[in-house]
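Following: one structure in structure tokens, then a few remarks.
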Amino acid sequence: MEIKNYDIAIIGGGAGGLAAAVCVSKKLNKNSKNYKIAVFEKELKCGRKLLATGNGKCNLTNENMSPDYYKESSREFIKPILSKYKTDKLMLFFSSLGMIFRKDGSGRVYPYSGMSADVLEMLLMNALLYGTDLICGTNIDKIEKQGTGFLLYGNKNTYYCKKLIIATGGKAQPNLGSRGASYSFAKMLGLDVTPIYPSLTPIPCSDKDLPQVKGVRVPCTVTLTADGKNIHTEKGELQLNENNVSGICVFQLSRYVGEFFTLGTVCGVKTEKIEITSDLMPEYSQNEIEKYLLSQRRKYSALKAEELFTGLLNRKLGLFLCRRADIDTNEYMYSLTDDDISRLAALVKSCTFTPSALPSFNSAQVTSGGIDLSQINSDMSCKKYKDLYIIGEALDVDGVCGGYNLHFAFVSGIIAGNACADKFKGERK
Ligand SMILES: Cc1cc2nc3c(=O)[nH]c(=O)nc-3n(C[C@H](O)[C@H](O)[C@H](O)COP(=O)(O)OP(=O)(O)OC[C@H]3O[C@@H](n4cnc5c(N)ncnc54)[C@H](O)[C@@H]3O)c2cc1C
């Protein structure tokens, strides 16, 4: 079979791969289309996941940018990258392509049109403009080092490239394209991969009474505890479902749950038990809630206990708390003891749910874990192979919700694309 030759190949036409394609082709092919550059994408169209981001609006970065928004073990690696490519610099990249932005007041940045399709289109237009071949429907399933370059085995053809950028993402929502090929490639090339688990996802919970509050949404704070120790607290809307808890605040805790069920640790420390504790009225102290409930008991003593939380919390949630406190909601309020009221107030401040299983990759937004960062230079090149670059979610970098994952995918693509082009130019002189 004939082998097709490319100067630079990028495997993966997602956020990172397309940003890399724009940069490398613009640098090398701006004046003449001398360099053969290709993006290989297994899906029939590029950027299916990018289209799904931010509910179709693409939260592409965040004004509040710092390594602290990324997984602890990746912060040293990401520090120099973010100091070179903060929010403004990424926005400058997109505005050089012609994009303007809209900010949501909390730091999240979106394209002004509010359409992820526009972000994708802008990247595709520019990659094509500078002579990149977009080869869709081509699944690369094997990479082999060959001389100074790489052989890529696809479902249709075999390709040779002098320099290679791996941008095949993680394993989250595999229906959108990325199914873990990055980790197989790493294995073929003798590179280490850290344990992977789903992140930014609803958390399955085993509490038998959870179905009673199915459909309830409550603004609150949620805290993940490991063996009783507070690990991470988030504020936001908790969504209670039949078998899981959800909402962005829960997503932010899910990485620890993934780690616990995969490795038996939380933040690297061996852990026996994890819980999610919610404070359902964070603006009020337990004492204030207790006083309020006592006054309701006085005022409505002739009514049933089922009315105790009327005006305070969602009715389903109020009944749920009463049941958890062993209170018969058909009893009259006058029969509630002071101890009943204080148990209820304590429950409002600390209502727990127990994670029961590893969340699914099918519902996760990102993969935590990936190709080990100790093998990667700050220009995204691989220490073992000078002509190989690895970017985006394939690496062991993941951030919280808010534009941080796309920021890293784009920025690592830009850095790799530029570095790859500079190396090429340097070698040709
Ligand atoms: C529903 C959803 C919403 C999200 N919203 C946001 C958000 O608003 N903001 C944010 O910052 N992050 C968001 N994320 C996360 C973000 O989309 C990813 O972190 C980011 O897309 C990773 O970019 P990437 O280029 O590394 O990988 P991907 O975007 O996954 O791209 C990888 C590409 O490689 C292709 N590919 C895989 N294997 C092969 C192969 N063997 N051969 C050829 N091609 C291959 C895939 O089909 C895919 O197109 C969201 C994720 C999901 C699932």
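Just so you know, all these numbers are worked out from the coordinates, no wet-lab data involved. Nothing here was measured: the structure is a model prediction, and the numbers come from that model. Glycine gets a Cβ as well: all are built from the backbone with ideal geometry, and neighbour counts include every protein chain shown.
Return the whole-Å distance between the Cα centroid of the range 228-294 and the Cα centroid of the range 1-16.
Value for the Cα centre distance between the two parts: 44 Å.
Starting at the first residue of the range 155-160, write each ³J(HN,Hα) from the Karplus equation 6.51 cos²θ - 1.76 cosθ + 1.60 with θ = phi - 60°, in whole Hz, x for Gly and Pro.
After applying 6.51 cos²θ - 1.76 cosθ + 1.60, I find 6, 10, 9, 10, 10, 10 Hz.
On a 0 to 90° scale, report how tilted helix 87-97 is relative to the longest principal axis of the chain, with both axes built from alpha carbons and the result rounded to the nearest 10.
Compared with the principal axis, the helix lies near 50 degrees.
Relative to the present Cα-Cα distance, how much length would full extension add between A302 and K89 at 0.36 nm per residue of separation?
Working it through step by step, the gained length comes to 70.2 nm.
Under a straight-distance cross-link criterion of Cα-Cα below 15 Å, which aspartates and glutamates are reachable from K386, leaving out those fewer than 8 residues away in the same chain?
The reachable aspartates and glutamates, counting only those whose Cα sits under 15 Å from K386, are D7, E144, D422, E427.
Grab the beta carbon distance between E283 and N64, set R0 = 22 Å, and tell me the FRET efficiency rounded to 0.05.
FRET efficiency, E283 to N64: 0.40.
Explain nothing, just compute: Karplus ³J(HN,Hα) = 6.51 cos²θ - 1.76 cosθ + 1.60, θ = phi - 60°, for every residue of the range 345-359 in order, whole Hz, x for Gly and Pro.
Calculated HN-Hα couplings, in order: 4, 5, 5, 4, 7, 8, 9, 9, 10, 10, x, 10, 7, 4, x Hz.
If you take the beta carbon distance between S184 and K156 as r and set R0 to 22 Å, what does 1/(1 + (r/R0)^6) give as a FRET efficiency, to the nearest 0.05?
Approximately 0.75, to the nearest 0.05.
Could you check the simple spin-label distance between N34 and E2, using points 7 Å along Cα→Cβ, in nm with one decimal?
Reported label-point gap for N34 and E2 is 2.5 nm.
Rounded to the nearest 500, what is the chain's calculated 222 nm mean residue ellipticity when only DSSP H runs of at least 4 contribute -39500 (n - 2.57) each, over all residues?
After summing the helix terms and dividing by residue count, I get -10500 deg cm²/dmol.
Which of the trypsin sites (Lys or Arg not before Pro) found in the range 125-190 are in a DSSP loop and have at most 16 neighbouring Cβ atoms, other than their own, within 10 Å?
Listed in order of number, the matching sites are K156.
Express the relative contact order of the range 202-359 as a whole percentage, based on alpha carbon pairs under 8 Å and six or more residues apart in sequence.
In percent, rounded to a whole number, it is 30.
Evaluated at 20 °C with a viscosity of 1.002 mPa s, what Stokes-Einstein diffusion coefficient in µm²/s does the chain have when Rh comes from the Kirkwood expression over alpha-carbon pairs?
Rounded to a whole number, D works out at 91 µm²/s.
Starting from the Cα of K316, step 7 Å toward the Cβ, then list every residue of the range 207-240 with an amide N under 20 Å from that point.
What the label zone holds, given the 20 Å backbone N cut-off, is 207-222, 236-240.
What FRET efficiency do you get for A357 and T148 if R0 is 60 Å and r is their Cβ-Cβ distance, rounded to the nearest 0.05?
Calculated value: 0.80.
Based only on other Cβ atoms within 10 Å, what is the fewest-to-most ordering of S74, S254, S32?
S32, S74, S254
Residue by residue, what Karplus-based ³J(HN,Hα) values in Hz, rounded to whole numbers, does the range 396-401 have, using 6.51, -1.76 and 1.60 with θ = phi - 60° and x for Gly and Pro?
7, 10, 8, x, 7, 5
Just grab the label-to-label distance for M115 and E237, each label 7 Å out from Cα along the Cβ direction, in nm (one decimal).
The two pseudo-label positions are separated by 2.6 nm.
Based on the alpha carbon coordinates of the range 289-359, what radius of gyration and maximum Cα-Cα distance (Dmax) apply, in Å?
Over the range 289-359's Cα set, Rg and Dmax evaluate to 12.9, 47 Å.
Mark the label point 7 Å from the Cα of E76 along Cα→Cβ and return the residues of the range 392-409 whose backbone N is within less than 20 Å of it.
Only 395-399 fall inside the zone, counting backbone N under 20 Å.
Considering the range 165-233, what Rg and Dmax in Å follow from its alpha-carbon atoms?
Every Cα atom of the range 165-233 included, Rg and Dmax give 18.0, 51 Å.
So what is the relative contact order for the chain, in percent, with contacts set as C-alpha pairs under 8 Å and at least six apart?
Relative contact order comes out at 23 percent.
Please list the non-local residues whose amide H lies under 5 Å from the amide H of F101, H modeled 1.01 Å from N, same-chain partners needing a gap of 5 or more.
Y112
Starting with the fewest neighbours, write out S285, S363 ranked by other beta-carbon atoms found within 10 Å of each beta-carbon.
Placing the least packed residue first, the sequence is S285, S363.
In whole angstrom, how far apart do the alpha carbon centroids of the range 373-397 and the range 71-121 sit?
What the calculation gives is 21 Å, centre to centre.
How far apart, in nanometres, would the label points at S378 and Y332 be if each is projected 7 angstrom from Cα along the Cα-to-Cβ direction?
Result: 7.5 nm between the two label points.
In a shell of Cβ-Cβ distance under 12 Å around E306, excluding E306 itself, what net charge do Lys and Arg (+1) and Asp and Glu (-1) give?
Value of the local net charge: +1.
Can you give the log10 of the normalised intensity I(q)/I(0) at q = 0.10, 0.11, 0.21 Å⁻¹, computed with Debye over equal Cα scatterers of the range 202-359?
-0.38, -0.45, -1.28
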